[in-house]
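The values are calculated or read from the model by the stated rules, or taken from the named source; none is laboratory data. Keep in mind that this is a model prediction, so the values were computed, not measured. Cβ: placed from backbone, ideal geometry, glycine included. Neighbour counts: every protein chain shown.
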Amino acid sequence: MSVVPKRSWLSRNVIVLGTVSLLTDSASEMMIPLLPAFIMAMGAGAMALGWIEGFADAISAVLKLFAGRWADRIGRNKPFVVVGYGLASIARPFMALAAAPWHVLLVRGTDRVGKGLRTSPRDALIAMSVEPAQRGAAFGLHRAMDHAGAVIGPLVAAAFLYWLSSDLPTLFLLTAIPGVLVIGVALFGVQETPRPQAMPEAAPKPRALARFLVPLGLFTLGKSSEVFLLLKAGAGFDQLAMFPLLWVGLSLVKMISSVPGGKISDRLGRRRTIAAGWLLFAVVYAALSIVENQVAVFALIGVYGLYCGLTEGAEKALVSELAPANKQGAAFGWYHVTLGLLALLASGLFGALYELVSSRAAFLTSAVLAVAATIALWALSRPRP
């Protein structure tokens, strides 16, 4: 009887998909931090930017569920990964031709359609490429490489604008370079992974995923856009250049902490790691509600990055364990649609509290929701008779 070798969490698909995400985020983050200035130069304002990003994100969230279910039905994930990354890579340079806000909407919408098509099948592919006990580390590495792209992109954009040219359309055209690499790596590097046959006695209970998505949804209601962290930190900024530098710093913390966070979840358990991350989030937001010193705010934003490292890989690893082997795409679809749609509501709620009541009320509300979600996670994970 032959022994099946144990697969390393550093599998080919994990490395390839991480590389694809790094290149994609590098291209995307060359452009996204500059969109507000680009749109305002057209005569539009913050409301137009909000509608564009909200519409694009809503499309992406819904398609993540659709694509995950479709990939499960046909038994293949790679086509969605290649088409999704390819569509976004082709659309992005067309931002250079935008002359009106609706042009920006069209490009961003197409970009987010690509994200919606690829995300759930990609996560399912990662889950099936490694042993279940190592999925935290695998997803952690993927998130680390994704965050590395969020570091590289703004730095490349800043260098281009400082030393070469201030012409934004030219910079947007340059996103085609990593885009071509993305298509090539995804097309020739990603391998379709055979779907394992789940043993009937080992299959997760039908409501197991829902018992995680409920507390996740509660937590997400308090997790507003990270732009509000910049808003809090930027009260004392004298130079606009500080915003991208703070963004790069936050991405660096996320990148460095993602793999250790995933490995911690492999050793200590998914729910324990997620609960620790959510409580850390609550502490950070409670502190941000009262702290005004800029150095202290910067430090707290760095700690927030550690929360991301603890939870991002652990959450995806837990989702993969709560779904049958032949329903991985659908499970990740429900996970991403929960995050996507409730995040829109969360940012609206946070923004309303921030503007109409106070920043203290907004941050405290988020902290309370995080604690409530942690309690719900513990209560709903208890064994049922």
Report yes if some residue within the stretch 223-245 is at pLDDT 90 or above and aromatic (Phe, Trp, Tyr); otherwise report no.
no
Result of the Cβ filter at 6 Å on the stretch 1-29, keeping first residues that are at pLDDT below 90 and partners that are among the acidic types (Asp, Glu), at least 6 apart or interchain, is 7/131
Filter the stretch 244-260 for residues that are surrounded by fewer than 19 Cβ atoms within 10 Å (Cβ to Cβ) and under 20 Å from residue 14 (Cβ atoms) and give the result.
256, 260
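Working only within the stretch 345-383, note down all residues that are assigned to a loop (DSSP other than H, G, I, E, B) and without any contact (Cβ under 8 Å) to a residue 40 or more places away in the chain. Lay out the reasoning, then the answer.
First, pick out the residues of the stretch 345-383 that are assigned to a loop (DSSP other than H, G, I, E, B): 357-358, 381-383.
Across the stretch 345-383, the qualifying residues are 357, 358, 382, 383.
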Unmet requirement for residue 292, which otherwise passes all of (1) closer than 30 Å to residue 129 by Cβ; (2) not in a helix (DSSP H, G or I)
(1)
Going through the stretch 267-284 one residue at a time, which ones are crowded, with 24+ Cβ neighbours inside 10 Å and at pLDDT below 95?
270
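This table checks each residue for (1) more than 15 Å from residue 219 (Cα to Cα); (2) touching a strand residue (DSSP E or B) at 6+ places or on another chain (Cβ under 6 Å); (3) of a type in the set (A, V, I, L, M, F, W, C).
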| site | (1), (2), (3) |
| --- | --- |
| 276 | no, no, yes |
| 288 | yes, no, yes |
| 294 | yes, no, no |
| 300 | yes, no, yes |
| 315 | no, no, no |
| 319 | yes, no, yes |
| 325 | yes, no, yes |
Is it true that residue 157 is touching a helix residue (DSSP H, G or I) at 6+ places or on another chain (Cβ under 6 Å), within 30 Å of residue 371 (Cβ to Cβ) and at pLDDT below 90?
no
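Condition check ((1) surrounded by 17 or more Cβ atoms within 10 Å (Cβ to Cβ); (2) within 21 Å of the chain's Cα centre (by Cα)) across all residues:
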| site | (1), (2) |
| --- | --- |
| 288 | yes, no |
| 294 | no, no |
| 318 | yes, yes |
| 338 | yes, yes |
| 341 | yes, yes |
| 346 | yes, yes |
| 358 | no, no |
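State whether the residues of the stretch 102-114 include one that is over 21 Å from residue 38 (Cα atoms), part of a helix (DSSP H, G or I) and aromatic (Phe, Trp, Tyr). Explain how you work it out, then say what you get.
First pass over the stretch 102-114, keeping only residues over 21 Å from residue 38 (Cα atoms): 113-114.
Still in the running and part of a helix (DSSP H, G or I): 113-114.
This time we only want the ones that are aromatic (Phe, Trp, Tyr), so: none.
Within the stretch 102-114, not a single residue is over 21 Å from residue 38 (Cα atoms), part of a helix (DSSP H, G or I) and aromatic (Phe, Trp, Tyr).
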Which residues, taken from the stretch 96-154, are hydrophobic (A, V, I, L, M, F, W, C), surrounded by 24 or more Cβ atoms within 10 Å (Cβ to Cβ) and in contact with a His (Cβ under 9 Å, 6 or more places away or on another chain)?
126
